[in-house]
1. Take the Cα of Asp15, step 7 Å along the line toward its Cβ, and report every residue of segment 39-57 whose backbone nitrogen sits under 18 Å from that point.
2. Kindly point out, ordered by number, any Cys in the chain whose beta-carbon has no other cysteine beta-carbon under 4.7 Å away.
3. Only one of the listed values, [x] 30, 15, 8; [y] 18, 15, 10; [z] 26, 13, 10, was derived from the coordinates as semi-axes √(5λ) of the Cα gyration tensor in Å; which label is it?
4. Let me cross-check Arg75: its accessible surface, 1.4 Å probe, with only protein heavy atoms counted, in Å² to the nearest 10?
5. Calculate the dipole size of the chain relative to its Cα centre from +1 charges on Lys and Arg beta carbons and -1 charges on Asp and Glu beta carbons; express the result in debye to the nearest 20.
6. Helices from the chain with mean Kyte-Doolittle at least 0.5 and a Cα length along the axis of 15 Å or more, per DSSP H: which?
7. With r as the distance between the Cβ atoms of Arg6 and Leu51 and R0 = 30 Å, compute the FRET efficiency 1/(1 + (r/R0)^6) and round to 0.05.
8. Could you compute how much accessible surface Arg53 exposes when probed at 1.4 Å, giving the result in Å² to the nearest 10?
Amino acid sequence: MMPTCREVTRLLASDQLEEASLARRVLTRLHLLMCDECGRYARELGGLGELAREALRAPLDPVRLATLERAILERVGGGDGAR
């Protein structure tokens, strides 16, 4: 059975997709191909993970920290920092 959007986002957020059964992985990937919202969520989550890994690779000076903060805010849709 095809997973729901809620199931897919929970699976992605918990980083358990690779540990799931083959059938669950295939159905989840199929869902991501068919569902624009979940596909966008997966891309945003992956982008945020990349930014987090980048932040951990080297010491953060104030300028670099501000640059990463702007990049994160742009990824989550708050590019100007306003909430």
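The values are calculated or read from the model by the stated rules, or taken from the named source; none is laboratory data. Because the structure is a prediction, the values reported are computed rather than measured. We place every Cβ from the backbone using ideal geometry, glycine too, and count neighbours over all the protein chains shown. Side chains are part of the model used for accessible areas, which takes the heavy atoms of the whole protein and leaves out ligands, DNA and RNA. Shrake-Rupley method; radii C 1.70, N 1.55, O 1.52, S 1.80 Å.
1. Residues 42-57 qualify, since their backbone N sits under 18 Å from the label point.
2. When partners are defined as cysteine Cβ atoms under 4.7 Å apart, the chain leaves Cys5 without one.
3. Checked against the structure: label [x].
4. Arg75 has an accessible surface of roughly 110 Å² with all protein chains in place.
5. Values: 13 positive and 13 negative charges, 29 e Å.
It comes to approximately 140 debye.
6. Working: long enough: 22-34 (18 Å, 0.73); 36-57 (32 Å, -0.70); 62-75 (20 Å, 0.06).
The answer, listed by residue number, is 22-34.
7. On the way: r = 25 Å, r/R0 = 0.84.
Computed FRET efficiency for Leu51 and Arg6 comes out at 0.75.
8. Accessible area, nearest 10 Å²: 120 Å².
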